[in-house]
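The next block holds one structure in the form of C-alpha cells; read it before the comments.
The values are calculated or read from the model by the stated rules, or taken from the named source; none is laboratory data. Small disclaimer: the values here were computed from a predicted structure and weren't measured. Cβ atoms come from the backbone with ideal geometry, glycine included; neighbour counts cover every protein chain shown. Areas reflect the complete protein model, heavy atoms only, side chains present, ligands, DNA and RNA absent. Shrake-Rupley method; radii C 1.70, N 1.55, O 1.52, S 1.80 Å.
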Amino acid sequence: FLIFVSIFKEDTMKKQLKEIKLGIGLGPIRFGMTKAEVKLILGDPTNAETFSYSDSDEDLTECWDYQDLELTLNFDEEEDWRLTMISVTSKFYELQGVSLIGMNGEKLLAQLTKLNIGNVEIEDFSEEDIFDNELIEIEDKSLSFWLNDDVLDEIQWTPFFIDEDTLDWPK
C-alpha cells in the first residue's frame, strides 16, 4: 500500500510539473523560491554543484539536477540563493500545451510563431567540424531554446526582468 501511495504521489507531482509558465516557473515550482522551499516539493536533487559564470567568486550559482525529471534548477547567490533559472530536457514538458523538445529548428520556429510568444533571435554557437549548436531566444519572455544538430534538446527560462539588472519576481 505504501509503495502505491508513493508512486501515486510521485506521478501526481510529476503531472503538476508539466506546464512551463513563462516568468513564473514550472507547475508549483516558482521563481524566487528558496532551496528549502523547492526541497519540500521535489526532495533532494540527484546532483548539486556550485560554480561561477565569471572569474569572480562573488556571483556563485548553485545548480540542482533532478535526473529522473530531466530538470535543472539554478539558485543565484546574488539573489539570496533564490530560484532564478529552470531548464528541461524532456518531451514531457509543455509550453502552452505543446511539447517542443525533439523538434527540428524549422518546426520549432513555426510552432513559436503559432504560439505568438514574441520576437525570435537566433545565434549560432557551432564550432567548425565539432558540433552544430544553435540558440533561439525570445528575450522579452526570458526564454531560450538550445538546438544541437538542429534538434531542440533544452528549454531554459527565468523570471521576467523589470530592467537589465532587476528581476520581476512572480507574485
Here are a few candidate values for log10 I(q)/I(0) by the Debye sum over Cα atoms at q = 0.09, 0.13, 0.16, 0.18 Å⁻¹: (1) -0.26, -0.56, -0.88, -1.15; (2) -0.33, -0.69, -1.04, -1.27; (3) -0.44, -0.81, -1.03, -1.14. Which one was actually calculated from the structure I just gave you?
(2)
Could you work out the relative contact order of the chain, using alpha carbon pairs under 8 angstrom and six or more residues apart, expressed as a whole percent?
20
If amide H atoms are modeled at 1.01 Å from N in the peptide plane, then the residues at a separation of 5 or more from ASN133, or on another chain, having amide H under 5 Å from its own are PHE125, SER126, GLU127, ASP149
Per DSSP, loop chymotrypsin sites (Phe, Trp or Tyr not before Pro) in segment 28-107 with at most 10 further Cβ within 10 Å
TYR53
For segment 81-128 versus segment 23-38, the gap between their alpha-carbon centres in whole angstrom:
20
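Okay, helix-only estimate at 222 nm for the chain: each DSSP H run of n ≥ 4 adds -39500 (n - 2.57), divide by all residues, round to 500 deg cm²/dmol; what do you get?
Calculated at 222 nm, the ellipticity per residue is -6000 deg cm²/dmol.
Would you tally the net charge around LEU112, using a Cβ to Cβ cut-off of less than 12 Å, leaving LEU112 out, and scoring K and R as +1, D and E as -1? Mind showing how you got there, number by number?
Numbers: positive: LYS107, LYS114, LYS141; negative: GLU106, GLU121, GLU137.
Result for the local shell: 0.
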How large is ³J(HN,Hα) for each residue in segment 85-99, as worked out from phi by the Karplus curve 6.51 cos²θ - 1.76 cosθ + 1.60 (θ = phi - 60°), to whole Hz, x for Gly and Pro?
8, 10, 10, 10, 10, 10, 5, 4, 6, 10, 10, 6, x, 10, 7
To the nearest 20 debye, what is the magnitude of the charge dipole of the chain about its Cα centre, counting +1 on the Cβ of each Lys and Arg and -1 on the Cβ of each Asp and Glu?
1740
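Leaving ligands, DNA and RNA out of it, report the carbon-plus-sulfur percent of the accessible area of the chain at a 1.4 Å probe.
On the way: 5010 of 10390 Å².
Heavy-atom surface of the chain belonging to carbon and sulfur, 1.4 Å probe: 48 percent.
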With every protein chain kept in place and a 1.4 Å probe, segment 76-116 has an accessible area per residue in Å² of 53
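Let me make sure I get this right: for segment 73-120, a, b and c are the square roots of the gyration tensor eigenvalues over alpha carbons, sorted descending. Under 1.5 in a/c it's rounded, otherwise prolate if a/b > b/c, else oblate. Which is it?
Numbers: a/c = 2.94, a/b = 2.04, b/c = 1.45.
Taking the square roots of the gyration eigenvalues as a ≥ b ≥ c, segment 73-120 is prolate.
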In a solvent-free Debye calculation with one equal scatterer on each Cα, what is log10 I(q)/I(0) for segment 29-78 at q = 0.15, 0.23, 0.25, 0.27 Å⁻¹, listed in the order of the q values?
-0.41, -0.86, -0.97, -1.07
